[in-house]
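Taking it in order: structure first as structure tokens, then the write-up.
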Amino acid sequence: MALNVIFATPEAFPFAKTGGLGDVAGALPLALKRLGCKVSLFLPYYREVLLSRARTEPAGIEVSVPMAGRDLSGQVLKTSIDGLAVYFIKRDEFFDRSCLYGTPEGDYFDNLERFVFFSRAVLEAVKAKDLKPDIIHCNDWQTGLIPVYLKDACEDDPFFSKTATVFTIHNIAYQGLFPSSIYGITGLSPELYNPEGLEFWGKLSLLKAGIVYSDIITTVSPAYSREIQTPEYGSGLDGLLKNRKEDLFGVLNGVDYGVWDPLIDRLIPSNYSAADLSGKAVCKKELLKNINFELGDERPLIGMISRLVDQKGFDILFEAMPELMKLEAGFVFLGSGESKYQKRLEDLGRRYPEKVSVHIGFDDRLSHMIEAGCDMILMPSRYEPCGLNQIYSLKYGTIPVVRATGGLDDTVIDYNGKNGNGFKFREYSPKALTNCVRQALLAWKDAKAWRKLQQRAMKANFSWESSARKYMDLYALARKKLSRPE
Ligand code: ADP
Ligand code: GLC
């Protein structure tokens with residue numbers, strides 16, 4: 001019988017996306033399905049889903065979640081994508097908003113209510129639809145309470161008696177922390193609020209809940225799985241993860257080459273492949289024209305597509321800017337996120353209009369055009385659980401210049417004139433970043449060698465199939481364990 005998997009996620013492409021988790025949740029369930037699993041995807045019905053024009057229909061059930069003395073109802077909508085069942089939990093009071101988790105000014109004030117509601121509604125819906133899951137695969141803090149509800153509320157429920165849980169940490173720095181005073185919203189027994197359970201230094205931690213209560217924990221690259229067991233990268237959860245290291249696995253994210261391949265990408269002006277790179281030059285010209293940026297043809301173009309948050313290395317980037325501006329290269333930035341970074345980027349654009357082109361906002365088409373039209377992609381991340389842009393850029397022959405951390409370290413191999421697929425620096429400093437960009441620009445000058453480097457990068461294969469197989473092995477392991485703590 002096919003393995004029955006419920007994939008619970010706060011976002012999934014093409015319905016709603018703020019970053020790489022959206023891409024993963026849009027692709028991994030399909031890869032699992034291709035390997036024979038029966039997968040149902042669950043996510044909230046945000047305003048963005050409505051705007052994506054997904055054709056949904058009522059799934060024929062309503063859910064009701066008790067919260068702070070009220071019963072909150074929700075509708076369940078359904079659609080399918082390439083034969084994959086997708087369910088949405090709809091309650092407009094919580095999800096019909098301009099953003100997913102918060103605005104550039106900060107998180108939504110009622111995120112605990114929103115994701116408690118989502119988590120409990122998923123379990124209700126799974127039961128009402130009689131989906132009998134072998135595995136519930138949860139992703140990030142927004143779904144961290146699902147394994148707890150499964151243990152606490154559903155312990156005596158035979159419907160879930162054979163359901164094992166896998167929890168994937170996409171980013172340990174986002175923990176879903178809430179004041180203990182609102183713990184009651186979870187509806188969970190107060191006994192679970194202790195340092196071995198849901199409490200993290202006097203606060204309720206949803207990420208910790210997922211880590212403590214799941215049968216298997218994964219994260220999105222082998223390097224990051226080691227890093228998060230250290231105080232430097234563990235965001236205070238390193239001790240817990242070390243204790244559970246037998247159950248912690250790093251599985252590298254894959255790429256959906258149906259979406260990210262320059263040979264078939266419909267969002268770029270000219271398709272191309274490793275065998276014939278002429279289309280890439282067209283993409284560069286068209287990108288420059290589109291963004292109204294004048295850069296001599298003979299100059300390299302360096303792109304960055306990023307959430308504007310501390311993680312992505314903007315502090316060393318801004319410090320490095322005066323030196324970077326002395327180099328013979330242009331920069332194009334696409335980003336959305338914290339307003340302090342938006343402002344600083346816009347300032348840069350005003351200050352160096354002949355060298356820097358800045359685009360604030362979330363723009364899928366422009367992100368594809370930048371991947372295709374640039375010569376290099378910059379990712380100076382302070383930490384990076386996996387990172388997808390560097391993997392996409394390899395496929396587009398757009399050479400990654402990255403800090404050697406997490407998944408960036410696992411996927412980029414330093415170029416030494418003969419081998420390798422990109423450029424890496426280790427020390428988190430403006431100087432190391434500038435030196436690395438300098439090296440890349442030097443290598444770019446040798447057109448023949450650069451072309452070989454591009455062709456080698458484009459050959460790398462990060463398709464989802466092998467990672468999805470690893471998840472299937474872990475699902476089997478989780479089912480063997482089914483050992484949630486008392
Ligand atoms: P993270 O998940 O930490 O944001 P990843 O590299 O894993 O980083 O994934 C980022 C994803 O989000 C990529 O698909 C990237 O193209 C996309 N992205 C990030 N910022 C933007 C933006 N401003 N506009 C369009 N796409 C963006
Ligand atoms: C997170 C990480 C990113 C990773 C993505 C998908 O947002 O920051 O590195 O690629 O999740 O797993």
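The values are calculated or read from the model by the stated rules, or taken from the named source; none is laboratory data. Please read these numbers as outputs of a predicted model, since none were measured by experiment. Virtual Cβ from ideal backbone geometry, glycine too; neighbours counted across all protein chains shown. For accessibility, only protein heavy atoms count, side chains too; no ligands or nucleic acids. Shrake-Rupley method; radii C 1.70, N 1.55, O 1.52, S 1.80 Å.
Can you compute the modelled spin-label distance between ILE413 and SER189, with each label point 7 Å from Cα toward Cβ, in nm?
Placing both labels 7 Å beyond Cα along the Cβ direction yields 5.3 nm.
Using θ = phi - 60° and the Karplus relation 6.51 cos²θ - 1.76 cosθ + 1.60, list the HN-Hα couplings for the stretch 375-380 in order, rounded to whole Hz, with x at every Gly or Pro.
Each residue's phi maps through the Karplus curve to give 8, 9, 10, 9, 9, x Hz.
Once you sort the root eigenvalues of the Cα gyration tensor of the stretch 278-460 as a ≥ b ≥ c, which label holds: rounded (a/c under 1.5), prolate (a/b larger than b/c) or oblate (the other case)?
rounded
Could you look at the chain and say what percent of its accessible area is carbon and sulfur, using a 1.4 Å probe and all protein chains?
Of the solvent-accessible surface of the chain, carbon and sulfur hold 50 percent.
Of the options PRO380, GLN311, GLY296, report the single residue whose Cα projects farthest towards the positive end of the charge dipole of the chain (beta-carbon charges: Lys, Arg +1; Asp, Glu -1).
GLY296
For the stretch 277-290, in order, what is each residue's ³J(HN,Hα) by Karplus, 6.51 cos²θ - 1.76 cosθ + 1.60 with θ = phi - 60°, in whole Hz (x at glycine and Pro)?
Per-residue couplings from phi come out as 8, 4, x, 5, 5, 4, 4, 5, 4, 5, 4, 4, 5, 4 Hz.
Take the chain, drop everything but the C-alpha atoms, weight them equally and run the Debye formula without solvent; then report log10 I(q)/I(0) at 0.06, 0.08, 0.10, 0.14 Å⁻¹ to two decimals.
Reported log10 I(q)/I(0), two decimals: -0.27, -0.48, -0.75, -1.39.
Counting Lys and Arg as +1 and Asp and Glu as -1, each charge on the Cβ, what is the dipole of the stretch 359-475 about the Cα centre in debye, to the nearest 20?
500
Dipole of the chain (Lys/Arg Cβ +1, Asp/Glu Cβ -1, origin at the Cα centre): which of THR143, VAL437, TYR272 lies farthest to the positive side?
Final value for the positive-end residue is TYR272.
Tell me what the chain gives for mean residue ellipticity at 222 nm when only DSSP H runs of n ≥ 4 count, each as -39,500 (n - 2.57), the sum divided by the residue total, rounded to 500 deg cm²/dmol.
-10500 deg cm²/dmol
Mind giving me the FRET efficiency for ASP310 and LYS481? R0 is 25 Å, r the Cβ-Cβ distance, nearest 0.05 is fine.
Computed FRET efficiency for ASP310 and LYS481 comes out at 0.10.
Which pairs in the list LYS127/LYS481; LYS424/LYS459; LYS90/LYS151; LYS38/LYS242; LYS284/LYS445; LYS90/LYS395 are over 27 Å apart, alpha-carbon to alpha-carbon?
LYS38/LYS242; LYS90/LYS395
Whole-Hz Karplus ³J(HN,Hα) for the stretch 397-413, in order, using 6.51 cos²θ - 1.76 cosθ + 1.60 and θ = phi - 60°, x for Gly and Pro?
Per-residue couplings from phi come out as x, 10, 6, x, 10, 9, 7, 6, 9, x, x, 5, 5, 6, 10, 9, 10 Hz.
Sequence-distant or interchain residues sharing an amide H contact under 5 Å with LYS78, placed H: which?
GLU57, ALA59, PHE88
Per residue, how large is the accessible surface of the stretch 278-460? Use a 1.4 angstrom probe and give square angstrom.
That works out to 41 Å² per residue.
Would you mind checking the tilt of helix 314-324 against the longest principal axis of the Cα atoms of the chain, expressed as 0 to 90 degrees and rounded to 10?
That helix lies at roughly 0 degrees to the long axis.
Once a ≥ b ≥ c are taken as the square roots of the eigenvalues of the Cα gyration tensor of the stretch 228-303, is the result rounded (a/c under 1.5), prolate (a/b larger than b/c) or oblate (a/b not larger than b/c)?
prolate
Could you pull out every residue, at least 5 positions away or on a different chain, whose amide H is within less than 5 Å of the one on GLY422? Hs are placed 1.01 Å off N in the peptide plane, and Pro or chain starts have none.
Result for GLY422 returns ILE413, TYR415.
Mind giving me the FRET efficiency for PHE159 and LYS289? R0 is 45 Å, r the Cβ-Cβ distance, nearest 0.05 is fine.
Plugging the Cβ-Cβ distance into 1/(1 + (r/R0)^6) gives 0.20.
Any idea what the dipole of the chain comes to, in debye rounded to 20, about its Cα centre with Lys/Arg Cβ at +1 and Asp/Glu Cβ at -1?
1300
Relative to the first principal axis of the alpha-carbon coordinates of the chain, what is the inclination of helix 464-481, with its axis defined by its Cα atoms, in degrees from 0 to 90 and to the nearest 10?
30
Just name one of PHE88, TYR45, LEU30: the one whose Cα is farthest towards the positive end of the charge dipole of the stretch 22-102 (beta-carbon charges, Lys/Arg +1, Asp/Glu -1).
The Cα lying farthest towards the positive end belongs to LEU30.
Round to the nearest 10 and give me the degree value, 0 to 90, for the angle of helix 339-351's Cα axis relative to the longest principal axis of the chain.
The angle comes out near 10 degrees.
Hey, what's the stretch 104-155 come to in accessible area per residue, 1.4 Å probe, Å²?
31
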